[in-house]
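**Q** Let me begin by handing over the structure; questions about it come next.
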Amino acid sequence: MPSIPFPILLAAAFDAAVLYGLWRLATRLPGGRMAPARRQAKTVEQELRTSIAMHRDLLPAGVLADLEGRLAALRAARRSARRPAWLRLRTRRASKALEAAIAAHAPKRRWPGLFALMETLVVTFGVAGGLRAYFLQPFKIPTGSMQPTLYGMHSEACAEPTLADRALPLKLLKWAFTGRWYRDVVAHRDGMLAVGGDHANAPGFALLSVAGEPYRIPTDAVLERGELDLDRFLPSLADDPYGTLRAQGRRVVHEGDRIWSGYVISGDQVFVNRLLWYLRPPRRDEIVVFATSASSLRADPAAAAADAGPDRAALVQRIPLLFGALHLAERPIPMLPAGQFYIKRLVGLPGETVSIDPPRLVVDGRPVEGCYGIDRETARGASPSGPSYAGYLNTGDPGMPPYARTFLATAEDSVRLGAGRDDAAYLPMGDNSRSSFDGRYWGPVPRRQMLGPAACVYWPLSVRWGRVR
């Protein structure tokens with residue numbers, strides 16, 4: 001038998017070592033032979049750890065020690081095992097030991113799967129509620145008072161829909177990403193098209209009617225762009241809960257006539273940082289969310305009525321309890337509804353005197369400079385997502401809607417903000433100065449009603465997605 005040269009033997013041994021190493025590596029990769037056995041072992045290991053933590057006070061010391069030993073052995077086997085069958089055997093034994101211990105010593109429950117589901121839901125909603133109350137709270141922009149920085153529900157006219165607007169699955173997918181939903185409003189009968197309601201009853205929409213049948217049309221299409229060929233409306237303000245839309249003319253339509261078609265675009269939705277103001281005070285130029293009323297909970301109905309203020313009995317709600325009742329009182333800012341949230345830009349801080357010298361914002365006798373959002377408003381610069389900023393206006397300036405009561409009607413008017421511990425207040429204004437019902441009309445906001453600054457726009461995807469400025 002011929003002898004094999006040593007270099008050939010050395011090369012064969014090296015090749016065998018390389019192949020063995022590759023085989024061992026393949027068994028440990030996600031698609032290798034050991035991967036399913038390791039995943040199963042890891043799942044049982046997590047169940048063992050969770051069950052031991054849940055039943056530690058119910059299991060005898062010997063059984064508890066046995067389970068902890070099996071847990072340690074299973075963890076070591078999962079990390080060093082070379083044979084799937086052997087690892088599966090250890091896994092089955094550990095799982096059976098856990099089931100036997102719980103069956104023998106833990107209290108019996110009917111429908112254990114239902115209890116596990118309820119526990120999961122309670123924990124999930126508890127964590128979500130904690131995040132919402134103390135960290136990040138979602139908030140939807142309701143109106144156009146912050147345009148063009150942030151948009152409420154608005155619209156774009158479009159007569160010819162695309163395929164993505166006609167096929168329902170694609171239409172839903174498009175809305176999920178961009179918030180755009182195509183609507184085609186067609187008259188169902190002959191009649192006179194006229195306003196039948198206002199935006200207080202349907203935020204973002206004007207309610208029109210033809211022969212008694214209602215139609216919802218975006219307010220900006222009717223009021224700002226005049227796309228329905230109606231006569232002009234009397235001016236109104238975004239966020240004004242008492243404003244109404246009244247037409248000065250009407251229009252005849254026939255069955256099958258298109259009243260309006262286009263995209264209804266969902267308002268921007270932002271996260272509000274509830275934690276930040278516990279670490280530092282609010283700053284000028286931040287976009288802030290605040291409550292329109294202060295809430296208090298009292299056992300005495302007379303004290304609750306006093307908290308709500310004079311002639312506010314309707315804002316006191318009785319909460320029945322097992323051994324009595326509590327009374328929830330809401331004290332709103334004058335001229336604002338109770339229990340709502342507004343979003344504006346913070347322009348005035350406690351202790352300051354604020355006035356407007358159009359288009360500039362004046363604080364303590366000096367124009368405000370060095371604030372990104374306020375400077376952009378004052379410069380009347382263009383926006384990548386809409387029209388140019390209008391600058392800061394007094395409520396009595398030409399083109400502003402007439403209103404009986406205002407704080408800043410002319411350049412000579414000013415607002416002094418409280419700075420004490422109990423009367424600290426802030427002044428917010430909207431970026432859409434021509435159409436924002438804000439602190440110029442109803443004054444400052446108390447500190448305890450300020451919720452937090454807007455952190456980011458998380459939906460829909462648009463040029464405004466991301467950080468809010």
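Derivation of every value follows stated rules applied to the coordinates shown; laboratory data play no part. Keep in mind the model is a prediction, meaning the values are calculated, not measured. Please note: Cβ atoms are built from the backbone with ideal geometry, for glycine as well, and neighbour counts cover all protein chains shown.
**Q** Report, largest value first, the span of the C-alpha coordinates of segment 293-332 along each principal axis, in whole Å.
**A** 29, 16, 13
**Q** Something else: Based on DSSP H runs of at least 4 residues, each adding -39500 (n - 2.57), what is the mean residue ellipticity at 222 nm of the chain after dividing by all its residues, to the nearest 500 deg cm²/dmol?
**A** -10000 deg cm²/dmol
**Q** To the nearest 20 debye, what charge dipole does segment 293-332 have about its Cα centre, counting +1 at the Cβ of each Lys and Arg and -1 at the Cβ of each Asp and Glu?
**A** Approximately 60 debye in magnitude.
**Q** Rounded to two decimals, what ratio of Rg to Rh does the chain give with C-alpha atoms and a Kirkwood Rh?
**A** 1.17
**Q** Taking just the alpha-carbon atoms of segment 343-389, what radius of gyration and Dmax come out, in angstrom?
**A** According to the Cα coordinates of segment 343-389, Rg and Dmax are 11.5, 35 Å.
**Q** Please report Rg over Rh for segment 33-105, where both radii come from the alpha carbon positions and Rh follows the Kirkwood definition.
**A** Rounded to two decimals, Rg over Rh is 0.99.
**Q** Using a Förster distance of 60 Å, how high is the FRET efficiency between residue 224 and residue 18, based on the Cβ-Cβ distance and rounded to 0.05?
**A** Once rounded, the FRET efficiency stands at 0.25.
**Q** Using 0.36 nm per residue, how much length does the chain from residue 10 to residue 110 gain when fully extended, once their Cα-Cα distance is taken away?
**A** Roughly 29.3 nm would be gained on extension.
**Q** With a cut-off of 8 Å between alpha carbons and a minimum separation of six or more residues, what is the relative contact order of segment 33-105 in percent?
**A** Contact order relative to length: 47 percent.
**Q** For residue 42, go through the lysines and keep the ones whose alpha-carbon is under 30 Å away, minus same-chain ones fewer than eight residues off.
**A** Once the sequence-local lysines are set aside, what remains near residue 42 is 96, 108.
**Q** Multiply the residue separation of residue 188 and residue 119 by 0.36 nm, subtract the distance between their alpha-carbon atoms, and state the gained length in nm to one decimal.
**A** Stretched fully, the residue 188-residue 119 segment lengthens by 19.7 nm.
**Q** Something else: Using label points projected 7 Å from each Cα along Cα→Cβ, tell me how many nm separate residue 280 and residue 258, to one decimal.
**A** Placing both labels 7 Å along Cα→Cβ, they lie 5.1 nm apart.
**Q** Find the all-direction average of the projected area of the Cα convex hull for segment 124-219, expressing the result in square nanometres with one decimal place.
**A** Convex hull of Cα atoms, orientation-averaged projection: 9.6 nm².
**Q** Further question: Give the calculated FRET efficiency between residue 209 and residue 412 to the nearest 0.05, with a Förster radius of 45 Å applied to their Cβ-Cβ distance.
**A** 0.50
**Q** In whole percent, what relative contact order does segment 293-332 give with Cα contacts below 8 Å and a gap of six or more residues?
**A** Value for segment 293-332: 52 percent.
**Q** Continuing with the same structure: Relative contact order of the chain: what whole-number percent is it, with Cα pairs under 8 angstrom and at least 6 residues apart?
**A** Relative contact order here is 15 percent.
**Q** Further, regarding this structure: Would you list, by chain and number, the lysines whose Cα falls below 30 Å from the Cα of residue 140, excluding same-chain residues fewer than 8 positions away?
**A** 171, 174, 344
**Q** If I histogram all Cα-Cα distances within segment 297-451 using bins 10 Å wide from 0, what percent of pairs lands in each bin?
**A** Answer for segment 297-451: a P(r) of 10, 33, 30, 15, 9, 3, 0 percent.
**Q** Let me ask something else about it. Pull out the extension gain between residue 160 and residue 103, defined as 0.36 nm times the separation in residues minus the alpha carbon to alpha carbon distance; nm, one decimal.
**A** 13.9 nm is the gain from fully extending residue 160 to residue 103.
**Q** Pop a pseudo-label 7 angstrom from the Cα along the beta-carbon direction at both residue 93 and residue 133 and give the gap in nm to one decimal.
**A** 4.8
**Q** Just to be sure I follow the definition: excluding the sites themselves, where is the longest run in the chain that has none of the GluC sites (Glu not before Pro) in a DSSP loop with at most 15 other Cβ atoms within 10 Å?
**A** My reading of the result: 1-254 is the longest stretch.
**Q** Another question about this same structure. Counting C-alpha atoms alone, how compact is segment 392-469: give Rg to one decimal and Dmax as a whole number, in angstrom.
**A** Looking at segment 392-469, its Cα Rg and Dmax stand at 15.5, 43 Å.
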